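Q: Structure in structure tokens, see below.
The values are calculated or read from the model by the stated rules, or taken from the named source; none is laboratory data. Given the structure is predicted, the values throughout are model-derived calculations rather than measurements. So basically every Cβ, Gly included, is an ideal-geometry build from the backbone, and we count neighbours across all protein chains shown. Side chains are part of the model used for accessible areas, which takes the heavy atoms of the whole protein and leaves out ligands, DNA and RNA. Shrake-Rupley method; radii C 1.70, N 1.55, O 1.52, S 1.80 Å.
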Amino acid sequence: MSNPNQLRYTKEHEWLSAAEDGVATVGITEFAANALGDVVFAQLPEVGDTVTAGETCGELESTKSVSDLYSPVTGEVVAANQDVVDDPSLVNTAPFEGGWLFKVRVTGEPDELLSADEYTAFSETGN
């Protein structure tokens, strides 16, 4: 499993792209997608919603379970991936590309985001 180096990660298994013009993209990692199994439903935050770092902002439902989606940053949602709502399996097949979940205009970022190497080490310890 390869975690792209240009992204940052949370211990809740979300990834965050670097902000471009203040807007960052959020998704879940391949590790999380594999742990969930086949994703069959995605409830994403809506455009205009305010999300808070570390708090739930949606959920992903798989054939195995329902998992909360946590925001890695604080800000305003500026886009939700309608393709994932229409075809939730994108989360499994392309978690770092077409399976992104939402974009947020970042107003606050926590200090505890992990690098790709830190996240890989964290996820390999079974957390």
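Q: Identify all residues within the range 21-31 that are surrounded by fewer than 22 Cβ atoms within 10 Å (Cβ to Cβ) and either among the hydrophobic types (A, V, I, L, M, F, W, C) or touching a residue at least 60 places away in the same chain (Cβ under 8 Å) (or both); write none if there are none.
A: Filtering the range 21-31 for residues surrounded by fewer than 22 Cβ atoms within 10 Å (Cβ to Cβ) gives 21-23, 25, 30-31.
GLY22, VAL23, THR25, GLU30, PHE31, listed by residue number.
Q: Being open to solvent by less than 10 Å² (accessible area, probe 1.4 Å) and either of a type in the set (Gly, Ala, Ser) or at pLDDT 95 or above (or both) narrows it down to one of VAL78, VAL84, so name that one. Write out each step before concluding.
A: Details: VAL78 fails: open to solvent by less than 10 Å² (accessible area, probe 1.4 Å).
Just one listed residue meets the conditions, VAL84.
Q: Now for a different question. Can you find a residue that is within 18 Å of VAL106 (Cβ to Cβ), modelled with pLDDT of 95 or more and either part of a strand (DSSP E or B) or in contact with a helix residue (DSSP H, G or I) (Cβ under 7 Å, 6 or more places away or on another chain) (or both) anywhere in the range 32-43? If you could, list the steps in order and put the result at the bottom.
A: So in the range 32-43, the residues within 18 Å of VAL106 (Cβ to Cβ) come out as none.
Looking through the range 32-43, none of the residues is within 18 Å of VAL106 (Cβ to Cβ), modelled with pLDDT of 95 or more and either part of a strand (DSSP E or B) or in contact with a helix residue (DSSP H, G or I) (Cβ under 7 Å, 6 or more places away or on another chain) (or both).
Q: From ALA121, ALA18, ALA53, grab the single residue that is within 14 Å of ASN3 (Cβ to Cβ), out of contact with any helix residue (DSSP H, G or I) (no Cβ under 9 Å at 6 or more places or on another chain) and of a type outside the set (Phe, Trp, Tyr).
A: Details: ALA18 fails: within 14 Å of ASN3 (Cβ to Cβ); ALA53 fails: within 14 Å of ASN3 (Cβ to Cβ).
After ruling out the rest, the residue left standing is ALA121.
Q: If I filter the range 7-20 for residues that are surrounded by fewer than 22 Cβ atoms within 10 Å (Cβ to Cβ), over 16 Å from ALA116 (Cα atoms) and out of contact with any Phe, Trp or Tyr (no Cβ under 6 Å at 6 or more places or on another chain), do I get at least one hit?
A: Yes, that holds for at least one residue.
Q: Let me confirm something: among THR107, THR56, THR93, which residue is in contact with an Asp or Glu (Cβ under 6 Å, 6 or more places away or on another chain) and open to solvent by 60 Å² or more (accessible area, probe 1.4 Å)?
A: Values: THR107 fails: in contact with an Asp or Glu (Cβ under 6 Å, 6 or more places away or on another chain); THR93 fails: in contact with an Asp or Glu (Cβ under 6 Å, 6 or more places away or on another chain).
Of THR107, THR56, THR93, the one residue that is in contact with an Asp or Glu (Cβ under 6 Å, 6 or more places away or on another chain) and open to solvent by 60 Å² or more (accessible area, probe 1.4 Å) is THR56.
Q: Checking ASP117 against (1) at negative phi; (2) assigned to a loop (DSSP other than H, G, I, E, B), only one condition comes out false. Which one?
A: Every listed condition holds for ASP117 apart from (2).
Q: Report yes if VAL77 is within 17 Å of ASP111 (Cα to Cα) and among the β-branched types (Val, Ile, Thr), otherwise no. Talk me through it step by step, then tell me what you get.
A: Numbers: within 17 Å of ASP111 (Cα to Cα): no; among the β-branched types (Val, Ile, Thr): yes.
Judged against the criteria, VAL77 is not a match.
Q: In this structure, is SER71 in contact (Cβ under 8 Å) with a residue 40 or more places away in the chain, buried (at least 16 other Cβ atoms within 10 Å of the Cβ) and under 20 Å from LEU36 (Cβ atoms)? Quick ask: steps written out before the conclusion?
A: Working: in contact (Cβ under 8 Å) with a residue 40 or more places away in the chain: yes; buried (at least 16 other Cβ atoms within 10 Å of the Cβ): yes; under 20 Å from LEU36 (Cβ atoms): yes.
For SER71, the condition - in contact (Cβ under 8 Å) with a residue 40 or more places away in the chain, buried (at least 16 other Cβ atoms within 10 Å of the Cβ) and under 20 Å from LEU36 (Cβ atoms) - is met.
Q: Against the conditions (1) within 11 Å of the chain's Cα centre (by Cα); (2) over 21 Å from GLU30 (Cβ atoms), where does VAL77 fall short? Just the number, please.
A: That leaves (1) as the condition not met.
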